[in-house]
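Peer 1: Got a structure here, written out as structure tokens. Questions coming.
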Amino acid sequence: MSRPSLIVGDDGRARCAWAGSDAEYQRYHDEEWGIPLHGDRPLFEKLSLEGFQAGLSWITILRRRPTFRAAFADFEIDRVAAFDDDDVERLMNDPGIIRNRAKVDATISNARATVDLRDAGTPLHTVVWSHRPAARTAPASFADVPAQIPEAVALAKALRKAGFRFVGPTTIYALMQSAGMVDDHVAGCWRTTAPSPADP
């Protein structure tokens, strides 16, 4: 039996079923997911959190986002790039984040790679958004939402070449969805017809 693609909340709005009944998940669905996100710091944060999410549910990361921000200096790129061994140990002892050393190390390494991109004149924002796919119609159901697309494969390859880690095509496609590079709200979801902020 296939799971439903839409769920109607207590407020009468039809949403993508993954938003469920959790108030924070519904807020994220309504106010963030699929809305264009720009700027190196916001994209670095989202890329970092998507990396930590690998193997876990997104709601687990979302609920811990405030503690992730506190632990990683609000994802200020230069500050994270300057983290040293003492910071790694501090992070590995922080119960408010996901204490996975490979992911912690990758986040710091990715901050340094982001600095290198900026210093080379090609900011992370430019690299990411240069791989934006063409707009397409809303998926009819979850079954029509891909796990990855060619543009995600290409972006993952470009990021790995630039020294990034934990940036496989599936993780990168999740970034594209959450950062509004693609809009995978299913047909019938109220967000498919809601106005989005201007996309420069």
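The values are calculated or read from the model by the stated rules, or taken from the named source; none is laboratory data. The shown structure was predicted, so the numbers you read here are calculated from the model rather than taken from an experiment. Virtual Cβ from ideal backbone geometry, glycine too; neighbours counted across all protein chains shown. All accessible areas refer to the heavy atoms of the entire protein, side chains included, with ligands and DNA or RNA removed. Shrake-Rupley method; radii C 1.70, N 1.55, O 1.52, S 1.80 Å.
Peer 1: Once label points are set 7 Å from the Cα along Cα→Cβ at both Glu24 and Ala147, what is their separation, rounded to one decimal in nm?
Peer 2: The answer from the label model is 2.8 nm.
Peer 1: Let me ask something else. Under the 0.36 nm per residue contour assumption, what length would be gained going from the current alpha-carbon distance of Arg118 and Arg160 to full extension?
Peer 2: Numbers: separation 42, 0.36 × 42 = 15.12 nm, distance 1.57 nm.
Gain in length upon complete extension: 13.5 nm.
Peer 1: To the nearest 0.05, what FRET efficiency results for Asn93 and Ile59 with a Förster distance of 30 Å applied to their C-beta separation?
Peer 2: Values: r = 24 Å, r/R0 = 0.80.
Between Asn93 and Ile59 the formula returns 0.80.
Peer 1: For region 1-150, with all protein chains present and a 1.4 Å probe, just round the carbon and sulfur fraction of the accessible area to a whole percent.
Peer 2: Details: 3860 of 7550 Å².
The nonpolar share, carbon plus sulfur, comes to 51 percent.
Peer 1: First select every other residue whose beta carbon is under 11 angstrom from the beta carbon of Ala138; then total the charges, Lys and Arg +1, Asp and Glu -1. Kindly include the intermediate steps, with their values, before the conclusion.
Peer 2: Numbers: positive: Arg136, Arg191; negative: Asp144, Asp183, Asp184.
Once all neighbours under 11 Å are counted, the net charge is -1.
Peer 1: Shifting gears a bit: At 222 nm, what helix-only mean residue ellipticity would the chain give, in deg cm²/dmol to the nearest 500, using -39500 (n - 2.57) for each DSSP H run of four or more?
Peer 2: Working: 9 runs with 97 residues, N = 200.
Helix-only estimate at 222 nm: -14500 deg cm²/dmol.
Peer 1: Give me a comma-separated list of calculated 3J(HN,Hα) values for region 84-90, in order, Karplus coefficients 6.51, -1.76, 1.60 applied at θ = phi - 60°, integers in Hz, x for any Gly or Pro.
Peer 2: 10, 4, 5, 5, 4, 5, 4
Peer 1: Same structure, new question: Cβ neighbours within 10 Å, averaged per peptide: list 71-79, 56-64, 152-160 in order, most packed at the top.
Peer 2: Descending mean neighbour count gives 152-160, 71-79, 56-64.
Peer 1: What is the ratio of the Cα radius of gyration of region 37-87 to 2.2 N^0.38 Å, where N is its residue count, to two decimals? Present the calculation step by step, with values, prior to reporting the outcome.
Peer 2: Working: Rg = 11.3 Å, N = 51, 2.2 N^0.38 = 9.8 Å.
The reported ratio for this selection is 1.15.
Peer 1: Using the heavy atoms of the protein chains and a 1.4 angstrom probe, tell me the accessible area per residue for the chain in square angstrom. Please list the in-between numbers first.
Peer 2: Numbers: 9720 Å² over 200 residues.
So the chain comes to 49 Å² accessible per residue, rounded to a whole number.
Peer 1: What length, rounded to one decimal in nm, is gained on full extension from Asp78 through to Ala138, with 0.36 nm per residue of separation minus their alpha-carbon distance?
Peer 2: Separation in residues times 0.36 nm, less the Cα-Cα distance, equals 17.8 nm.
Peer 1: Through the Karplus equation 6.51 cos²θ - 1.76 cosθ + 1.60, θ set to phi - 60°, convert the phi angles of region 56-66 into ³J(HN,Hα) values in whole Hz; use x for Gly and Pro.
Peer 2: Couplings: 10, 7, 5, 4, 4, 6, 4, 5, 9, 4, x Hz.
Peer 1: Please give me the summed charge of the neighbours of Gln26: other residues whose Cβ is under 14 Å from its Cβ, Lys and Arg +1, Asp and Glu -1. Please report the intermediate quantities before stating the final value.
Peer 2: Numbers: positive: Arg13, Arg15, Arg27, Arg63, Arg191; negative: Asp10, Asp11, Asp22, Glu24, Asp30, Glu31, Glu32.
For residues surrounding Gln26, the net value is -2.
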